[in-house]
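What follows is a short report on a single structure.
What follows is calculated from the coordinates using simple rules that are stated; it is not laboratory data. Given the structure is predicted, the values throughout are model-derived calculations rather than measurements. All Cβ positions, glycine included, derive from the backbone under ideal geometry; neighbour counts span all protein chains shown.
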Amino acid sequence: MDTKEAQNLMRRIYLKRDKARGLERTLLRTFHELGELSDAILRDKGQASISDEIADVFAWLCSLANLLEIDLSQALLNKYNNACSRCGKVPCECTDSP
Ligand SMILES: [Zn+2]
């Protein structure tokens, strides 16, 4: 599944609920899911758990993008255009700390 397909899937499954919840509460849920991902990583809960949590974070990010009517795939292309958004290189050659 590519980014556009994922965003469309989340739109079909959740847009009605996302609209009912609203932008601010959807943003809070996204932070909540990011906290769960952080917990899974920092407490070393294993690859399966981390994989579930990273999928949740991406799904909630899709919900946010859907509410904001932002095409995530296009946003990524606009920002990164197949290279680092700052130095334009692959791999990144920025000299600040990673
Ligand atoms: Zn760079």
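Observations, loosely collected:
- Relative contact order of the chain, pairs being alpha-carbon contacts under 8 Å that are 6 or more residues apart, as %: 33 percent
- Cross-link partners of Lys19 among aspartates and glutamates (Cα-Cα below 12 Å; sequence separation of 8 or more within a chain): Glu69
- Note on region 57-98: Kirkwood hydrodynamic radius from all Cα pairs is 11.8 Å, rounded to one decimal.
- Share of alpha-carbon pairs per 10 Å distance bin for region 3-80, given as whole %: 20, 44, 31, 5
- Efficiency of FRET from Cβ geometry, Arg86 and Arg12, R₀ 25 Å, rounded to 0.05: 0.10
- Nearest-20 debye value, region 3-80 charge dipole, Cβ charges on Lys, Arg, Asp, Glu: 360 debye
- Taking every alpha-carbon pair in region 1-48 and binning the separations at 5 Å intervals from zero gives 5, 18, 15, 19, 21, 15, 6 percent.
- Full extension of the chain between Arg43 and Lys19 gives 5.3 nm of extra length, using 0.36 nm per residue less the Cα-Cα distance.
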